[in-house]
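Report on the structure given below.
The values are calculated or read from the model by the stated rules, or taken from the named source; none is laboratory data. Keep in mind the model is a prediction, meaning the values are calculated, not measured. Reconstructed Cβ throughout: ideal geometry from the backbone, glycine too, with neighbour counts over all protein chains shown.
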């Protein structure tokens with residue numbers, strides 16, 4: 001009976017295979033005229049995007065000086081009071097204000113408090129510390145937590161009975177091949193917590209990391225965008241020199257910074273086994289095979305991503321998904337591009353390094369090269385925040401001469417219109433608020449495709465006229 005069943009199954013399989021072969025032999029030729037017409041409408045097909053030498057050539061800078069256009073492309077507005085605050089900082093002091101380690105924290109995403117570590121002041125989940133813009137400059141080594149508790153970055157500043165005084169040193173790999181000593185206050189019940197992903201080390205409190213986490217948000221959301229806007233919109237040359245000093249310090253620290261996820265408590269990237277901190281060798285090992293830029297699902301992300309709550313791993317950013325990290329790096333790249341050959345910046349370079357070209361060369365090698373490498377391992381979400389990826393990938397690709405990142409940013413506009421829109425222009429996003437976010441931004445960013453590729457998406461995709 002069993003033999004008969006196997007024989008019958010084999011006959012059915014052979015018959016099915018025969019049908020498939022017959023259908024394949026009788027198939028029509030692939031390249032039919034109708035097929036070609038359909039293929040020509042595929043995103044990016046037949047379009048040659050021209051990557052310019054500069055992010056802000058004169059004609060584009062003029063367009064972006066009109067606020068409505070400008071705000072779609074670059075983060076920041078001109079805040080005269082704030083710009084004056086940043087310009088007042090002595091140039092050499094930016095080395096003190098921008099730090100060279102991860103923003104390690106017991107807190108993570110504000111919508112997921114169940115993932116936070118314990119606060120040493122209250123015993124409750126720690127919601128993070130904060131600094132004001134004035135604090136950023138005037139009191140750089142402290143921040144304030146909920147309830148008014150002060151977090152001190154330096155142990156010498158801590159009172160004798162300070163409940164968060166560090167009692168443990170952990171050596172954590174940095175991506176320049178060195179190890180850095182991080183000082184933690186470790187409660188007794190968590191002293192044996194291991195470095196594996198999502199371990200109880202989320203309860204390890206690093207005062208210096210908490211302060212830096214609060215400060216890096218000001219740096220990325222205020223300092224750099226404010227100065228960039230002042231140069232681009234107002235041609236403020238004093239702001240340009242301040243921006244050059246800020247970028248020079250970033251170039252100094254950027255290569256060694258570890259990958260860190262601000263959405264997770266103790267969010268250091270782990271190695272491929274997810275049980276140890278990521279090393280420089282493991283990070284660099286992805287360099288020869290870069291499938292990640294075009295990842296189709298979370299399973300295709302680099303090995304240091306473990307679950308959906310690993311929003312993004314980055315070196316220097318102010319929080320968010322992978323899209324926002326690329327926007328942050330693109331903002332840094334844009335800041336570099338707008339000041340790199342100004343006479344005042346070349347004079348700054350001459351004074352500091354003895355060569356007018358040294359500052360630009362140093363930034364390209366230490367920062368742009370590293371950002372390009374990380375961008376190739378940071379896929380867009382293709383979700384409601386993907387507009388941020390576009391606004392970062394285009395300037396980042398231009399500044400780093402990375403044609404693949406540049407093209408990826410531009411192709412997304414088309415990809416979204418094809419895959420996320422019904423013929424009547426109704427968005428395919430399940431949530432209406434997500435649809436409004438994404439469609440609105442796509443309409444606002446379609447000029448990029450026209451500017452760099454001569455493509456009128458309203459003609460290419462008639463449904464855009466409906467929008």
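Quick notes on this structure:
- Scanning region 179-206 for residues that are part of a helix (DSSP H, G or I) and out of contact with any helix residue (DSSP H, G or I) (no Cβ under 8 Å at 6 or more places or on another chain) yields 188, 189.
- Which numbered condition residue 128 misses (of (1) in contact (Cβ under 8 Å) with a residue 40 or more places away in the chain; (2) within 26 Å of the chain's Cα centre (by Cα); (3) at negative phi): (3)
- Lone unmet requirement of (1) at pLDDT below 95; (2) part of a loop (DSSP other than H, G, I, E, B) for residue 356: (1)
- Annotation: residue 344 fulfils all but one of (1) surrounded by fewer than 17 Cβ atoms within 10 Å (Cβ to Cβ); (2) on the phi < 0 side of the Ramachandran plot; (3) free of Cβ contacts under 8 Å to residues at least 60 places away in the same chain; the unmet one is (3).
- The condition (being modelled with pLDDT under 95, part of a helix (DSSP H, G or I), closer than 30 Å to residue 356 by Cβ and touching a helix residue (DSSP H, G or I) at 6+ places or on another chain (Cβ under 6 Å)) is satisfied by just one residue among 243, 228: 228.
- Sub-8 Å Cβ pairs linking a first residue in region 159-185 that is free of Cβ contacts under 8 Å to residues at least 40 places away in the same chain to a second residue that is surrounded by fewer than 16 Cβ atoms within 10 Å (Cβ to Cβ) and assigned to a loop (DSSP other than H, G, I, E, B), at least 6 apart or interchain, are 168/191; 184/167, ordered by first then second residue.
- Of the residues making up region 192-208, at least one is within 18 Å of residue 104 (Cβ to Cβ), surrounded by 16 or more Cβ atoms within 10 Å (Cβ to Cβ) and more than 28 Å from the chain's Cα centre (by Cα).
- Criterion violated by residue 115 - all others in (1) farther than 22 Å from residue 135 by Cα; (2) more than 26 Å from the chain's Cα centre (by Cα); (3) modelled with pLDDT of 60 or more satisfied: (2)
- Residue within region 431-451 that is more than 18 Å from residue 379 (Cβ to Cβ) and in a loop (DSSP other than H, G, I, E, B) present: yes
- Qualifying residue in region 266-274 (condition: surrounded by fewer than 21 Cβ atoms within 10 Å (Cβ to Cβ), in contact (Cβ under 8 Å) with a residue 24 or more places away in the chain and closer than 22 Å to residue 375 by Cβ): yes
- Criterion: within 15 Å of the chain's Cα centre (by Cα), at pLDDT 90 or above, farther than 24 Å from residue 110 by Cα and buried (at least 21 other Cβ atoms within 10 Å of the Cβ) - qualifying residue of 260, 254: 254
- Qualifying residue in region 156-168 (condition: at pLDDT 95 or above, surrounded by 15 or more Cβ atoms within 10 Å (Cβ to Cβ), under 23 Å from residue 274 (Cα atoms) and touching a strand residue (DSSP E or B) at 6+ places or on another chain (Cβ under 7 Å)): no
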